[in-house]
Amino acid sequence: EVQLVESGGGLVQAGGSLRLSCAASGFTFDDYAIGWFRQAPGKEREGVSCISSSDGSTYYADSVKGRFTISSDNAKNTVYLQMNSLKPEDTAVYYCAAGPVGWYCLANDYWGQGTQVTVSS
């Protein structure tokens, strides 16, 4: 019933842009914080960004500040991650996740399947 579906990944050259989407269903969207995470082979998963679907507050990892922007369209139950000025080190599988708003994306009940982002030099 609960489903998070990421889309928008692909292959892009360094300096380019991609917009990832996370479409949520099966739960009350406004009761959750939605986060973006990424994991490259052999590396730990890291939090990239988070947004509260209720009040719109946001978080960004230092590595993406100024380049990535998270936003939500509550009417569509969808969260976006606009990624600009992409670097090869941004290459990873990107996942979205949903958790209680009070945990600020530090605890997540649901995860999507991931979408591959590859940035070539």
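The values are calculated or read from the model by the stated rules, or taken from the named source; none is laboratory data. Here the structure is a predicted model, which means the values were calculated and not measured. Backbone-built Cβ (ideal geometry, glycine too); neighbour counts: all protein chains shown.
Is there a residue in segment 85-101 that is in a helix (DSSP H, G or I), surrounded by fewer than 16 Cβ atoms within 10 Å (Cβ to Cβ) and at pLDDT 95 or above?
Restricting attention to segment 85-101, the residues satisfying the condition of being in a helix (DSSP H, G or I) are 88-90, 101.
From the residues that got through so far, the ones that are surrounded by fewer than 16 Cβ atoms within 10 Å (Cβ to Cβ) too are 88-89.
Now narrow it down to the ones that are at pLDDT 95 or above: 88-89.
Scanning segment 85-101 turns up at least one residue that is in a helix (DSSP H, G or I), surrounded by fewer than 16 Cβ atoms within 10 Å (Cβ to Cβ) and at pLDDT 95 or above.
Only one of the numbered conditions (1) in contact with a Pro (Cβ under 8 Å, 6 or more places away or on another chain); (2) modelled with pLDDT under 95; (3) among the polar types (S, T, N, Q) is not met by Ser120, and that is (2). Scan segment 4-15 and tell me whether some residue there is of a type in the set (A, V, I, L, M, F, W, C), in a strand (DSSP E or B) and farther than 19 Å from Asn108 by Cβ. Scanning segment 4-15 turns up at least one residue that is of a type in the set (A, V, I, L, M, F, W, C), in a strand (DSSP E or B) and farther than 19 Å from Asn108 by Cβ.
Tell me, yes or no, whether segment 39-59 has at least one residue that is assigned to a helix (DSSP H, G or I) and surrounded by 16 or more Cβ atoms within 10 Å (Cβ to Cβ). Explain how you work it out, then say what you get.
From segment 39-59, those assigned to a helix (DSSP H, G or I) are none; that's our starting set.
Checked against the condition, which is being assigned to a helix (DSSP H, G or I) and surrounded by 16 or more Cβ atoms within 10 Å (Cβ to Cβ), segment 39-59 yields no hits at all.
Check segment 66-76 and report whether any residue there is over 13 Å from the mean Cα position of the chain (by Cα) and either more than 14 Å from Ala24 (Cβ to Cβ) or β-branched (Val, Ile, Thr) (or both). Yes, segment 66-76 contains a residue that is over 13 Å from the mean Cα position of the chain (by Cα) and either more than 14 Å from Ala24 (Cβ to Cβ) or β-branched (Val, Ile, Thr) (or both). What do you reckon, is Ser53 touching an Asp or Glu at 6+ places or on another chain (Cβ under 6 Å) and among the small types (Gly, Ala, Ser)? Considered against the rule, which asks whether it is touching an Asp or Glu at 6+ places or on another chain (Cβ under 6 Å) and among the small types (Gly, Ala, Ser), Ser53 comes out as yes. When Ala23, Ala33 are checked against the criterion of being under 25 Å from Val119 (Cα atoms) and either surrounded by 16 or more Cβ atoms within 10 Å (Cβ to Cβ) or in contact with a Lys or Arg (Cβ under 8 Å, 6 or more places away or on another chain) (or both), Ala23 stands alone in meeting it. Would you confirm whether or not segment 60-73 contains a residue that is hydroxyl-bearing (Ser, Thr, Tyr), free of Cβ contacts under 8 Å to residues at least 12 places away in the same chain and within 21 Å of Asp109 (Cβ to Cβ)? No, the conditions are met nowhere in segment 60-73.
Note on segment 73-117: residues that are in contact with a Pro (Cβ under 7 Å, 6 or more places away or on another chain) and acidic (Asp, Glu) total 0.
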